[in-house]
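Visitor: Provided herewith is a single structure, encoded as structure tokens, for subsequent inquiry.
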């Protein structure tokens, strides 16, 4: 049957709304009827499968639409998700409805048409695109794109991702085959938001139980996000970086590696994809930043977009790059331990309360050049690499300070502070976490163990908590009988003491136990909830025995070394005593010999009897006496 396209329903329109008593007008966009994302499964005819991904299969289908006025059918792409528990399907449909409404006005993403259930599986219906960036790469020799194409697609994609981020939507599955090409050869985001939509939904596939995304493009925090998270906007920066590297080299990151091997490389060993040479300096710099292990140290999409736009007309010649923006690349901050991307996230304003930024992984505010002050002036240059004027109590003239050395303090809190929820009745997540952002109105975002995404709330719900830093020794509190994570025990039932070697963005502590000797595949590091541990030091150890036990925590060789040292000392002492006894005996013998020498002298005067034993000499003396008597 031929399809007939009739007049469409009236388009959306704008009207002005008068708000309150102020008489202010606000333009509101409305449509004559609410668009529902639900599609009758009877109108979808699946034709054949055209792709397969970690979350489901992609089918080419025909969508038939019939009304009283017109009949229409056209090709669509249908993403058929893997099986979901029946009692959770309603939650997924509600999440998609929210995603559908948010994406209707976005230009850099694929057009969503609706959702349906076919054969008991959730199906997402979207516009069919003829190809993708990945398809284009597979047709080229070596699978590599030209620098011009990479820069053009990079700008398109960064803009699309920024649009989604502005709607609080994460992509979490960025890869060249999900970058669809429209009729103008522009790149748009496909498969958008599906991993984010499935957050918190238990999947029947055991392979997807602890990860969200395609392994080759996943950031460290995407593996078990409730433990190693939270996932945030910067999580997409990692996937974007992997995609650009693949476009430039033609090789998929971690190509040929299994899922477990990629997990060990990215999460355990903290390795990064190889970044090729030949990229414009600003682009290379931002891609390097995309692969920072700690998501807080990565660039956001605005930074990436700026780097690509500034290098869009870059040309490499023998004498270097030409066509670059005049803005210089900011080198990584030396000494503080923070990247330029971390420092650029907080834009200081006049009136902000600030203090000197503490060193990365530092527990205390030590060596504070500026304890606390108020910004009263900014450099004319709006770049974050400038100076500010700070008025400090007790100092007459404002102090000129570099922006990168300051952190904003709002309601007594600064980004990076350890905080605790005042109401910690929720046992799902830890009550102690790390502050990721605080706005001037008091709204905050905090990373907690047990939360896959950032917890959003108000500063009034938080209080300062004990801080932890790398190098500290910790052990489980005595009142903890069932820890959140596995924790080793010493001889008996006492919890072992370990050293913090890394702190994850949600406050989760990675602890190693140098006091334990491990063999084979036995784990040498464990995770810890900061709410369940306490700091251990020589000062806090009561008594000599506890201090000695803490000394053993520094390395497993301490005890055998001290035992060997004790044995060696005992041997030395034994030898010393033996020598003393030997000398004493020798001295006695010498005295005896001297006495014998004296007796020998007496013997010469009494018939040469001194050379004989005393008793025998006496006998001879008696014999001589007897003979003489006769």
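Visitor: Would you calculate the volume per residue, in Å³, of the smallest convex hull containing every Cα atom of region 224-285?
Guide: 94 Å³
Visitor: Order of 243, 311, 482 from fewest to most other C-beta atoms within 10 Å?
Guide: 482, 311, 243
Visitor: Of all the C-alpha pairs in region 140-329, what % are more than 29 Å from each other?
Guide: So the pairs more than 29 Å apart make up 20 percent of the total in region 140-329.
Visitor: When the Cα atoms of region 436-487 are enclosed in a convex hull and the volume is divided per residue, what value in Å³ results?
Guide: Numbers: hull volume 7.0 nm³, N = 52.
Spelled out: Cα convex hull of region 436-487, divided by residues, is 135 Å³.
Visitor: Using Cβ counts within 10 Å as a stand-in for footprinting exposure, how do 358, 175, 257, 477 rank, fewest first?
Guide: Result, fewest neighbours first: 477, 257, 358, 175.
Visitor: Could I ask something else about it? Write down the Å³ per residue value for the convex hull defined by the alpha carbon atoms of region 381-496.
Guide: So the per-residue Cα hull volume is 181 Å³.
Visitor: What number does region 150-240 give for Rg over Rh if you use C-alpha atoms and the Kirkwood radius?
Guide: On the Cα set of region 150-240, Rg over Rh gives 0.98.
Visitor: While we're here: Taking the Cα atoms of region 34-127, what is the range of coordinates along each of the three principal axes, in descending order and whole Å?
Guide: Largest to smallest, the principal-axis extents are 39, 30, 28 Å.
Visitor: Hey, fewest Cβ within 10 Å first, where do 493, 437, 459, 116 land in order?
Guide: Ordered by Cβ neighbours within 10 Å, fewest first: 493, 437, 459, 116.
Visitor: Can I ask one more? Kirkwood Rh over Cα pairs of region 418-464 into Stokes-Einstein at 10 °C, 1.306 mPa s: D in µm²/s?
Guide: Translational diffusion coefficient: 151 µm²/s.
A short reminder: the numbers here are calculations on the coordinates, not readings from a lab. What you see is a predicted model, and the numbers here were worked out from it, not measured in a lab. Cβ sites come from the backbone with ideal geometry, for glycine too, and all protein chains shown count toward neighbours.
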